[in-house]
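For reference, the structure is listed below as structure tokens.
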Amino acid sequence: MNSRLMRNSFIYLLIIVAVLAIFFTLFSDPLGGSRELPISDIVTMAARGDVDRIEVRGDKLTVFTTSGETVTSRKEQDSSIVKILENAGIDPLASNVQIEVRGSSGLGSLFGILINFLPLIFFGAILLFMMRQAQGNSNQTFSFGRSRARMFVGNSPSVSFDDVAGVQEAKEEL
């Protein structure tokens with residue numbers, strides 16, 4: 001009973017983890033539906049003075065324009081947005097572009113790792129389930145020697161001594 005409860009709870013845990021992984025994968029982007037532009041367009045916008053603030057999270061850039069629009073972009077992993085702007089001839093301090101660098105959330109990277117290992121865990125659980133089923137059947141292979149048959153006595157009446165206690169002849173027969 002305990003292994004059955006353990007197996008069922010393991011299956012429920014896998015289902016919950018899969019649902020959470022799908023949920024965070026689908027809804028990890030902002031719900032505003034901001035459009036994504038190449039980094040060269042962001043540099044051009046910054047040169048024109050259309051950029052108010054840039055948020056950097058890893059390789060993802062969220063750009064807030066002076067018109068109130070939110071635009072996203074991506075940069076190379078090891079490059080700096082300040083260096084990109086300076087190479088384009090834009091001084092981030094003189095152009096009044098605020099640059100905020102935020103760390104990537106640990107929860108997102110944890111779910112990223114979990115999503116990568118989820119198929120491995122899933123196939124491992126299937127393999128474990130199949131091995132347990134095969135083990136259960138192999139234990140029952142040689143069980144034919146242990147017959148559970150009971151002897152059936154047809155219509156023989158079951159008469160006890162108490163049933164015939166008052167009859168002298170029955171006592172003598174017994």
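The values are calculated or read from the model by the stated rules, or taken from the named source; none is laboratory data. Predicted, not measured: the structure shown is a model, and the values here were computed from it. Please note: Cβ atoms are built from the backbone with ideal geometry, for glycine as well, and neighbour counts cover all protein chains shown.
Some notes on this structure:
- Matching residues in the stretch 45-71 - criterion: being in contact (Cβ under 8 Å) with a residue 40 or more places away in the chain and not in a helix (DSSP H, G or I): G49, V51, D52, R53, I54, E55, V56, R57, G58, T70
- Residue count for the stretch 95-138, restricted to those that are modelled with pLDDT of 75 or more, hydrophobic (A, V, I, L, M, F, W, C) and either outside any helix (DSSP H, G or I) or closer than 30 Å to K83 by Cα (or both): 3
- Verdict on I90 being more than 30 Å from Y12 (Cβ to Cβ) and either at pLDDT below 75 or not in a helix (DSSP H, G or I) (or both): yes
- Verdict on I22 being loosely packed, with under 14 Cβ neighbours inside 10 Å, among the hydrophobic types (A, V, I, L, M, F, W, C), closer than 21 Å to L110 by Cα and at pLDDT 85 or above: no
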